[in-house]
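To start, the structure under review is shown below, and the notes come after it.
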Amino acid sequence: MNRTKHLWKRLNTTLGRSGMLSAAFLAVVLLAAILAPLVAPADPNQSSLLDAYAGPSGAHLLGADGIGRDLLSRLIFGARTSLLGPALVVGVSLLLGIPLALLASWYGGWVDGVIARVFDLVYALPGLLLAVLTVALFGPGLTPAVVALSIAYIPFLARIVRAAARQQRVSPYVDALAVQGFGVLRITVRHILRNIVPVVVGQAAIAFGYALLDLASLSYLGLAVQAPTADWGVMVSDSDALLKGYWFQVLAPGLLIVLTVLALTVLGARISGEKPPGYLRRKRPAQTAAPADASGNDRTTVGAAA
Amino acid sequence: MTAPLLELSGLTVDVATEDGGSRTLLDGVDLSLAPGEALGLVGESGSGKSMTMRAVTRLLPRAASASGSIRFEGADVLGMNAGELRRYRDGGVGLVFQDPRAHINPTRRIGAFLTEALVRNRGVGRREALARAAAVLAEVGIDDPQRRLGQYPHEVSGGMLQRVMIASVLLAEPRLILADEPTTALDVTIQREVVAILDRLRRERGMGMVFITHDLDLALAVCGRVAVMYAGRIVELRSADTLHERAAHPYTLGLLGSRPSIDARAERLSAIPGRPVSAFESGPGCAFAPRCSFATAGCESEPPAPTEFDGGLVRCARVEEIHAARMEAKA
């Protein structure tokens with residue numbers, strides 16, 4: 001009990017209010033996506049033309065779309081495809097990028113030079129452009145888009161990993177490990193990589209948000225996820241509804257995309273140890289703070305009282 | 001005489017500079033250590049003590065290159081491939097670093113730090129390794145070793161962490177310990193304890209040791225022989241019990257003269273004039289000549305060869321004249 005409490009407190013101080021809020025929101029979205037068949041009130045693909053553009057009611061909590069599919073259910077199932085794509089992109093990018101980054105940081109010299117320049121080269125290519133090109137070659141679909149974005153996202157993740165690993169590489173403890181007779185693999189993976197996990201996770205969260213946005217854009221253009229499948233990007237492209245004035249049909253998935261990306265970016269920044277901007281920081285309660293709480297910042301409290 | 005444990009001959013380390021040139025950091029170091037012997041390596045900052053140790057463990061910076069020969073139990077260290085090097089580092093040499101806090105991965109528990117090498121390199125079971133680690137922690141004078149195994153490096157004091165570092169070296173049971181200023185980061189009382197522990201356990205286990213320090217008296221206390229380094233060269237090598245009386249090199253004499261004395265009060269401590277130089281800064285002759293009160297024009301141009309003198313090895317061209325003059329002054 002005490003342990004859980006302690007853990008909770010630490011999480012709270014690491015993430016801060018904005019980070020905790022983001023994490024909570026993401027947890028809800030993720031749970032909804034995983035448990036979609038259980039929590040969705042209806043089949044997302046079940047149409048009934050009688051309910052076309054039905055307003056919110058007991059039968060359809062958020063209303064229904066142009067062919068009478070339940071909007072809430074489509075949003076919930078849409079979370080699945082919308083999160084799966086970026087998860088694959090980030091996963092593949094990390095899988096390819098981390099070994100390259102560790103290799104570069106360990107050996108340095110020309111190995112580092114070549115790998116770093118290749119990263120820079122790929123970094124200069126816009127991911128969306130690469131995805132559009134791939135789709136032009138292999139036809140639309142989630143797979144070609146994910147493959148293209150995975151490659152495009154390697155430098156975004158690996159450059160940060162390389163920089164952090166380089167910093168560890170020159171730490172004295174790495175020399176000490178080498179003298180104990182450990183090999184390269186052991187030192188880089190079990191020690192260096194382990195020590196930079198926060199940086200990797202933070203950057204991965206931010207990349208996840210960007211990849212979600214990119215894939216939604218591609219789906220919106222009809223290049224990734226295809227129409228009848230429930231997906232936030234596809235749903236935003238429902239221009240028919242917009243033209244007929246049913247703006248909520250488009251706004252709801254759009255809002256979910258924006259909020260998810262925002263939450264991921266905030267959370268990612270907080271995990272990798274970035275301070276939140278001043279306007280997001282909690283104001284200190286004036287004089288009511290308990291003494292134990294104020295101990296860290298005595299001087300400001302005294303100054304404010306004077 | 002038994003085969004030496006460690007033998008350096010003509011060890012020279014050059015480091016490449018940004019502008020494409022190179023600078024010499026170590027210049028022809030010859031040293032031989034018998035199994036179980038303790039040798040002190042004494043000198044000022046930049047004299048090449050740590051560079052020698054780094055060369056012996058092949059931890060030289062990327063830009064540096066070593067030539068000459070380093071032999072460990074007859075094996076050529078500079079020529080080892082990756083696998084041989086790992087075996088040599090695993091059971092051959094153990095290194096006690098100057099600053100334990102920087103040399104232990106801060107995010108892992110002390111237990112993990114102490115057992116990793118045993119488990120990974122020796123195939124010892126985790127439970128057995130932890131038991132051995134606890135036993136050695138007790139040996140280096142740490143109370144409640146079980147609790148310490150579960151703590152992180154930042155939770156213990158510097159003195160205790162240095163003991164943990166020594167424990168890690170003892171666990172690997174190397175035949176040679178390299179101690180690179182193991183007590184410089186500690187305060188004086190802790191220093192004494194740590195040195196005593198290192199000295200006792202080394203003797204019990206019959207390990208050889210190279211003890212690197214800039215504290216001449218400390219080296220004399222724990223080592224059988226002491227090598228004094230200056231500007232990348234060994235300038236004097238002699239047994240610890242006779243160094244006080246028989247020191248012959250002007251630099252060693254200067255070091256001995258600049259120590260504070262317990263019974264005599266002095267307005268100022270005597271000091272060696274000038275500042276220490278690195279090997280690459282020195283001219284063609286004796287590197288100490290610009291600071292030496294005995295130097296002649298010949299010292300500046302001709303590098304002195306190491307010569308046998310009064311039971312030790314001295315690298316000074318005028319050693320006999322200086323000795324004679326000192327004897328005369330004493331008489």
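The values are calculated or read from the model by the stated rules, or taken from the named source; none is laboratory data. Computed from a predicted structure; not experimentally measured. Cβ sites come from the backbone with ideal geometry, for glycine too, and all protein chains shown count toward neighbours. All accessible areas refer to the heavy atoms of the entire protein, side chains included, with ligands and DNA or RNA removed. Shrake-Rupley method; radii C 1.70, N 1.55, O 1.52, S 1.80 Å.
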Across the protein assembly as shown, how many lysine pairs separated by 8 or more positions, or lying on different chains, have Cα atoms within less than 27 Å?
-> 5
A plus B alone minus the pair: what accessible area, both sides summed, probe 1.4 Å, in Å² to 100?
-> 1800
Long-range amide H contacts for residue B:307: which residues qualify at under 5 Å (H placed 1.01 Å from N, peptide plane, sequence gap of 5 or more or a different chain)?
-> B:314, B:315, B:316
About the Cα centre of chain B, what is the dipole size in debye to 20, counting +1 per Lys and Arg Cβ and -1 per Asp and Glu Cβ, all else neutral?
-> 1120
Looking at segment B:1-99, which GluC sites (Glu not before Pro) are DSSP coil and have at most 11 other C-beta atoms within 10 Å of their C-beta?
-> B:18
Any idea what the dipole of the protein assembly as shown comes to, in debye rounded to 20, about its Cα centre with Lys/Arg Cβ at +1 and Asp/Glu Cβ at -1?
-> 1680
Percentage of Cα-Cα pair distances in the protein assembly as shown greater than 45 Å, rounded to whole percent?
-> 42
How would B:213, B:307, A:143 rank on accessible area, largest to smallest, probe 1.4 Å?
-> A:143, B:307, B:213
So if R0 is 45 Å, what FRET efficiency would residue A:30 and residue A:57 give, r being the distance between their Cβ atoms, rounded to the nearest 0.05?
-> 0.95
Neighbour-limited loop hits for trypsin sites (Lys or Arg not before Pro), segment B:1-85 (at most 13 other Cβ within 10 Å; DSSP other than H, G, I, E, B) | B:62
Select from segment B:170-204 those trypsin sites (Lys or Arg not before Pro) which occupy a DSSP coil region and have at most 11 other Cβ atoms within 10 Å, ordered by residue number.
-> none
First measure r as the distance between the Cβ atoms of residue B:189 and residue A:170, then evaluate 1/(1 + (r/R0)^6) with R0 = 35 Å and state the FRET efficiency to the nearest 0.05.
-> 0.60
Express the carbon and sulfur contribution to the solvent-accessible surface of chain B as a percent, rounded to the nearest whole number, probe 1.4 angstrom.
-> 51
Counting only residues 5 or more places away or on other chains, whose amide H sits under 5 Å from the amide H of residue B:235 once H atoms are built in the peptide plane?
-> B:228, B:229, B:230
Once phi is turned into ³J(HN,Hα) by the Karplus curve 6.51 cos²θ - 1.76 cosθ + 1.60 with θ = phi - 60°, what whole-Hz value does each residue of segment A:178-192 show in order, with x for glycine and proline?
-> 4, 5, 7, x, 8, x, 4, 4, 4, 5, 5, 7, 7, 10, 5
How much length is gained if the chain between residue A:133 and residue A:259 is pulled fully straight, taking 0.36 nm per residue apart and subtracting their Cα-Cα distance, in nm to one decimal?
-> 42.5 nm
If one computes the Cα centroid of segment A:212-279 and of segment B:114-184, what distance in Å separates the two points?
-> 53
Cα-projected label distance for residue B:65 with residue B:17, points at 7 Å along beta-carbon direction, nm | 1.7
Any chance you could run the full-extension gain for residue B:221 through residue B:330? It's 0.36 nm times the residue separation minus the Cα-Cα distance, nm to one decimal.
-> 36.6 nm
Computed FRET value (nearest 0.05) for residue A:243 with residue A:221, which takes r as the C-beta separation and R₀ as 22 Å | 0.75
Could you work out the mean count of beta carbons from other protein chains within 10 Å of each residue's beta carbon in B:111-123?
-> 2
Could you provide, to the nearest whole Å², the per residue accessible area of segment A:24-92 with probe 1.4 Å?
-> 48
Using 0.36 nm per residue of separation minus the Cα-Cα distance, give me the extension gain between residue A:229 and residue A:11 in nm, one decimal.
-> 74.8 nm
Semi-axes of the equivalent ellipsoid of segment B:6-229: what are they in whole Å, largest first, if each equals the square root of 5 times a C-alpha gyration tensor eigenvalue?
-> 29, 20, 17
Which value at 222 nm does chain B reach when only helices count, each DSSP H run of 4 or more adding -39,500 (n - 2.57), with the total divided by all residues and rounded to the nearest 500 deg cm²/dmol?
-> -10500 deg cm²/dmol
So what's the projected area for chain A, the Cα convex hull averaged over all directions, in nm²?
-> 23.0
Along the Cα-to-Cβ line of residue B:152, 7 Å from the Cα, sits a label point; which residues in segment A:184-200 have backbone N less than 17 Å from it?
-> A:191-200
Which whole-angstrom value gives the distance between the alpha carbon centres of segment A:11-34 and segment B:74-97?
-> 49
Note to self: with every protein chain in place and a 1.4 Å probe, chain B gives an accessible area per residue in Å² of 46
Within chain A, excluding any trypsin sites (Lys or Arg not before Pro) found in a DSSP loop (not H, G, I, E or B) and having at most 15 other Cβ atoms within 10 Å, the longest uninterrupted segment runs A:1-243
